[in-house]
Structure formats: C-alpha cells, structure tokens
Amino acid sequence: MPQIVVDDLVKTFRVAERQPGLWGAARGLLKRRHRTVEALAGVSFGIETGELVGYIGPNGAGKSTTVKVLAGILVPDSGRCEVLGRVPWRERVANAREIGVVFGQRTQLWWDLPVIESFELLRDIYRVSPQAHLRSRDELVDMLDMEPLLDVPVRQLSLGQRMRCDLAAALLHSPPVLYLDEPTIGLDAVSKLAVRDFVRQLNRERGVTIILTTHDMDDIEALCTRIIVINEGHILSDGTLNDLRARVTTERWLIVDLAEEDGDVADPQATVISREGHRVCLRFDPDEVSAAELIGRITAGHAIRDLFVENPPIEEIIARLYGEQCR
Amino acid sequence: MTPYWAILSARFRMLLQYRAAAAAGFGTQLFWGLIRVMIFEAFYRSTTSAQPMSYQEVVTYIWLGQALLALLPWNYDRDIHALVRSGNVAYELLRPLDLYWHWYARAVAWRVAPAVLRALPMFIVAGLFFGLQAPVSWASFGAWLIALVGALLLSAAITTLVNISLMWTIAGDGIATLVSTLVIILSGMVVPLPFFPDWAQSILNFLPFRGLVDVPFRLYMGHLPPGDIYGLFAHQLGWTLALVAVSHHVLGRGTRRLVVQGG
C-alpha cells in the first residue's frame, strides 16, 4: 500500500462576491452573494515510499489546497486521504509529528530568536530526545553548510540563508514525508542549486518521500522522477517526464550554429522557431522525418559550426498541456 | 522540557529584550501613580466619614497597581491578530500541539515578562520615595505571592480568550477594548473594590476580575487575612478553569471553521 493515498478528493470554497461601488457595498451588508470555487474536483493519486514527486500547475490550480489537506490543516468536502495510514485532519497532531513542511513564502522559524534557539524550541515541540536532536542537527548543519548561521537571529538572514534554515527546521524531527511548497522562489542561482542538491541528497540517501510544488521547471527537470500536473482542480497528467512529453508532443528541436551570420535555413519538413545571430532553432516531428535525414540535408546546404538535437523545454510542454485543456 | 513550557520560556526570554518599552512604561506608570495618589489625598482631606481603607493603605494599593499593571489582561496579542488577518493562522496547526495550550503558554509569557521588567524598579522607587509599604507580615507576603500566581493564571486565561475572539472580529479591538474596560474597573484597578457601594460587593466578589487586583493587593496589605488565601485561590483557579474550558470549546469551533473554509 502506498505511503500517501489520495482518492477522489473534493474541496469547494464559498467566496463572498462584492459588488462594485458604494451602492454595491451597501447591498452587500444586507445580502451577500456567494460564488462556489472548486479547488479540488476529484483528485486521486498514490505515492510510494521514497518517491520524489513534482506537483505542478498554474496559480490557483489546487496545489496548496492539496498540500494543506495532506498536512491536516484543511478538511476536504469528500474523498479519502491517508498519510502513513492516518487520516491527516482526524489525527492532526500525530500526523504533524511524521511530516515536515516548508513554505517558500513564509518561515516557520521564530523571527526574533537566533537559529539555534529556534531549533531547540522545535526539539521540545516535537519531543525529540536530546541525543537524537544533536545527531539530526549536526547532520543537517553539515549538509546545508550552515554552521556560521546558527547564532544569527532569523530576521537578519538573507532569503537564501533563511531557506536553508527552514529546510533544516522542517527536518529536525526526521520526518519520513516532506512537503516542499515553492522552496526555490526568489532565490539566486547559487542558493537554488544548493537547495536542489540538498533535496536530491535527502531523497536518495535518506529515502525521504518528497512532494515538491514549484513554478520553477528547472527544479522539476533536475529533481523529479514523477510529475503530477493539476489545473482547475483536475489532474491533467501523472507520470514520468518522458511520459508527459510523449503525451503532449513528440516534436524535437534542432539547434544549428551556422558559420556565416544571418544565414537562411529552410526545410520543407521543419519549421524555424527562432533565429538569433548565428543560431537557428528548428522544430520537427521525428515521425515525419528522422533527425539524421534532416541533419544530412541541412549540412549539405550550409556551412555548420555546431548542431544539436534536444527536447522542447518543459515550460513549453506544460504551457501546451494547459492550452490543450482550455480548448 | 514539555513543548508548552518550552514555548513559554522562549517567549519570555524574547520579551525580556524589550527594555526600551519597559522603561517608557515605567515612566508613564510612575506619572499616573503620582496623579492617582494626589487624587486620593484630596479625597481623604475632604472626607469626613469613615472609609474602608486608610490613606496609607490606598497609597500602597496604588503603587502595587502601578507596578503590576502589565499583569492585567488589558490588550490582545498583535502577532495572533496578524496571523488571523493574513489567513496564516492555519499554519499554526502544522505543529504537533494543542493550539489552545500553545496560545495559553504564549499569553503567560506575555503577561509575566513586561510585569517583571516594570515591577522591580517600581517597587524600589515607590518603596523609597512614594510611600509603598512592605507587606504587613510574612504570612501576608506568602499569601500575596500565591494570589499573584492565581492572578497570572487567570489573566492569561482571559488574554487567551480575547486572542481567540480575534478569529471572529476582523478589526479586533472591539471585544478587546470592552474586556480591558471591564477588567480595569471591575478588578479594582481604578478604585479599590471596598469603595464600591454595598449592593455591588456581592456581584464583584462573584466575578472573576477581583482575582486580578483586589485579592492579591489586599492580601499584601493584610486588609484580607492571610488565612483567606485558600478560598480566594480556589476562586481564582475556579474561574481560570471555567475560562479554559469555554475557550477550548470556542477555539475548537474556530479552528473547525478555519479548516473547513480554508481561513
């Protein structure tokens, strides 16, 4: 049985609609109009121990709602949900002890306390024994390279430093399950890489099950073996990155660096997407023409410095998937 | 350490850092104390009938009040208010804690820390220069300390209930202002309770508020005999437990609404 089970979850919110203008506000006092928003419209998936799943979708797709249900802080209207055999909202406290949660947009540390004191407070809150706490803390401090940050009050940390501390804080009680909600948002390139490396290591070496929601497609490509795409409360796709590509489009991109500037490359079986200095990017359908054949024809007609074939970036795939659903 | 004790002590240590606020509070309370002493002095000079407390007793009572003002449940926790307004209060539920006792522990720290910072200098200054007298006996002193603990537990329970009420009122200050007015008047902070008319005495004696000011202060002065501490402490504790039970229930409803509606 999977570690996390989500079966046909439905969650609707009632949103008060305000009418424009003074007259509208006055009428709103007497009679409120409500609109029902379906945040989750029958979401199902199962996650096995040790999986690293990317959970992606546009803003308002239902990602955070799902994570809140899994964390036990939101009760769904209907459907079944179990984390490690527990129904999160019925056994909120027991569930909270077994999970770690990181929100990129907010910190769980105490703003005025030095990092190390926040950690000690968490030790007491999660009732971790002093020995286990020290072991876990030293390991995390080492992995995240945060020795110099320990005595700094949280409010003085940079965003990248704070995120490292937040990751450690969520993991001090050694939870087998971790939810990461946009952990790289707003981080610089170096910090992003550090966070990614850490998450990968955590998953591979410690076997922590991780659900990662993000808008950063590089995070997804770098980390996730499985991707669940959600939009408007429905799951659009669930599978590996390659499955997703295969479902949306089989097209591949050929990038050619020409020897001469502003050279014109044209082929009846490929379309030029962009042209920039020496570089031309073409898209083609491998079912229609093989890469070898296309490359052969282009190298015969032009002086080429370099060329390579790649998959369309994942942003492109996701955008098409959303577009497909809108149509 | 248990989780709630850890929260209390961390919060307490953090609040001890606010020394500038404590210094400002000390100055204000010293000033108000002098004004109140003058008002009572004028009153005692013009009165001809017998009063329920002597002038010296009233002066001591006033300075005790100025020293321990911060212990009263007179305001709400701005951090909790911010959490409710931003909808982030749901994230409090991520911790493996009972939310009520989490907030109660915060409230205890929040009442004790500023009171400690202000009380010590006030006792020294008012004792040396402004007529604050020592407790009449060791027994009275002991009874006072016990009653102070009772007052703290009660005050934290009222504070927590006011904090919980923030989950329903958006502006926040409505209930908080009402409660603080009730507290200041009915606890005996403005006018000592023995000065109230006879018909009010039995009501005031029943209400929880006298446990905050009237009971500990009069024990200190020996105006209530130290032997009464058992009944008085039971009164404080009884109200505290009743408030805890009610608040627990109200908070349960609040969080249910929160987890159903999503904040």
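A short reminder: the numbers here are calculations on the coordinates, not readings from a lab. Here the structure is a predicted model, which is why all the values come from computation and not from measurement. In this analysis, Cβ positions are derived from the backbone assuming ideal geometry, glycine residues included, and neighbour counts consider all displayed protein chains.
Shown for A:LEU74, B:LEU93: other C-beta atoms within 10 Å of each C-beta, ranked fewest to most, produce the order B:LEU93, A:LEU74.
Using alpha-carbon pairs under 8 Å, 6+ residues apart, how would you state the relative contact order of chain A in percent?
Reported as a whole number, the value is 18 percent.
At 222 nm, what helix-only mean residue ellipticity would chain A give, in deg cm²/dmol to the nearest 500, using -39500 (n - 2.57) for each DSSP H run of four or more?
Working: 11 runs with 121 residues, N = 327.
That comes out to -11000 deg cm²/dmol.
If the segment from A:ALA291 to A:ASP142 were pulled out straight at 0.36 nm per residue, it would be longer than the present Cα-Cα gap by 49.0 nm.
Which FRET efficiency value, to the nearest 0.05, do you get for B:GLN56 and B:THR28 by plugging their Cβ-Cβ distance into 1/(1 + (r/R0)^6) with R0 = 25 Å? Present the calculation step by step, with values, prior to reporting the outcome.
Details: r = 24 Å, r/R0 = 0.98.
So, using R0 = 25 Å, E works out to roughly 0.55.
What share of the DSSP beta bridges in chain A is antiparallel, in percent to the nearest 5?
Beta bridges within chain A, antiparallel portion: roughly 70 percent.
Rounded to the nearest 0.05, what FRET efficiency is calculated for A:VAL93 and B:THR48 with R0 set to 51 Å and r the Cβ-Cβ distance? Write out the running numbers ahead of the final one.
Details: r = 64 Å, r/R0 = 1.26.
For R0 = 51 Å, the calculated efficiency reads 0.20.
Here chain B is treated with +1 on each Lys and Arg Cβ and -1 on each Asp and Glu Cβ, and its dipole about the Cα centre works out to around 620 debye.
Its alpha carbons considered, the range B:72-138 gives a radius of gyration followed by a Dmax of 18.2, 52 Å.
To the nearest 0.05, what FRET efficiency results for A:HIS34 and B:VAL250 with a Förster distance of 22 Å applied to their C-beta separation? Plugging the Cβ-Cβ distance into 1/(1 + (r/R0)^6) gives 0.30. Can you tell me how the range A:1-157 classifies by the Cα gyration tensor, rounded, prolate or oblate, using a/c under 1.5 as the rounded cut? Note, shape of the range A:1-157 comes out oblate.
Under the simplified labelling scheme, the A:ALA259-B:ILE39 pair shows an inter-label distance of 9.9 nm, with each label point 7 Å from Cα along Cα→Cβ.
Using a 10 Å cut-off around each Cβ, can you sort B:THR160, A:THR299 from fewest to most neighbouring Cβ atoms?
A:THR299, B:THR160
Shape class of the protein assembly as shown from the Cα gyration tensor (axes a ≥ b ≥ c, square roots of the eigenvalues): prolate, since a/c reaches 1.5 or more and a/b is larger than b/c.
Listing A:LYS11, A:LYS192 from the residue with the fewest other Cβ atoms within 10 Å to the one with the most, what is the order? If you can, show how the numbers build up before the last one.
Numbers: A:LYS11 24, A:LYS192 20.
The fewest-first ordering by Cβ neighbours comes to A:LYS192, A:LYS11.
Evaluated on chain A, the Kirkwood hydrodynamic radius is 22.8 Å, with distances taken between all distinct Cα atoms. Angle of helix B:229-261 to the longest C-alpha principal axis of chain B, folded into 0 to 90 degrees and rounded to 10: 30°.
In terms of the Cα gyration tensor, with a ≥ b ≥ c the square roots of its eigenvalues, is the range B:3-261 rounded because a/c is under 1.5, prolate because a/b exceeds b/c, or oblate? Mind showing how you got there, number by number?
Working: a/c = 1.97, a/b = 1.73, b/c = 1.14.
Prolate is the answer for the range B:3-261, as a/c is 1.5 or above and a/b outweighs b/c.
The angle between the Cα long axis of helix B:19-46 and the longest principal axis of the Cα atoms of chain B comes to about 40 degrees, rounded to the nearest 10. Distance from the alpha carbon centroid of the range B:116-176 to that of the range B:25-94 works out to 8 angstrom. Here the simple spin-label model places points 7 Å from the Cα toward Cβ, and for A:ALA25 and B:VAL190 these points are separated by 3.4 nm. Axis angle, to the nearest 10 degrees, between helix B:173-186 and the longest C-alpha principal axis of chain B: 30 degrees. Here the range A:198-234 and the range A:35-109 have alpha carbon centers that stand 14 Å from each other.
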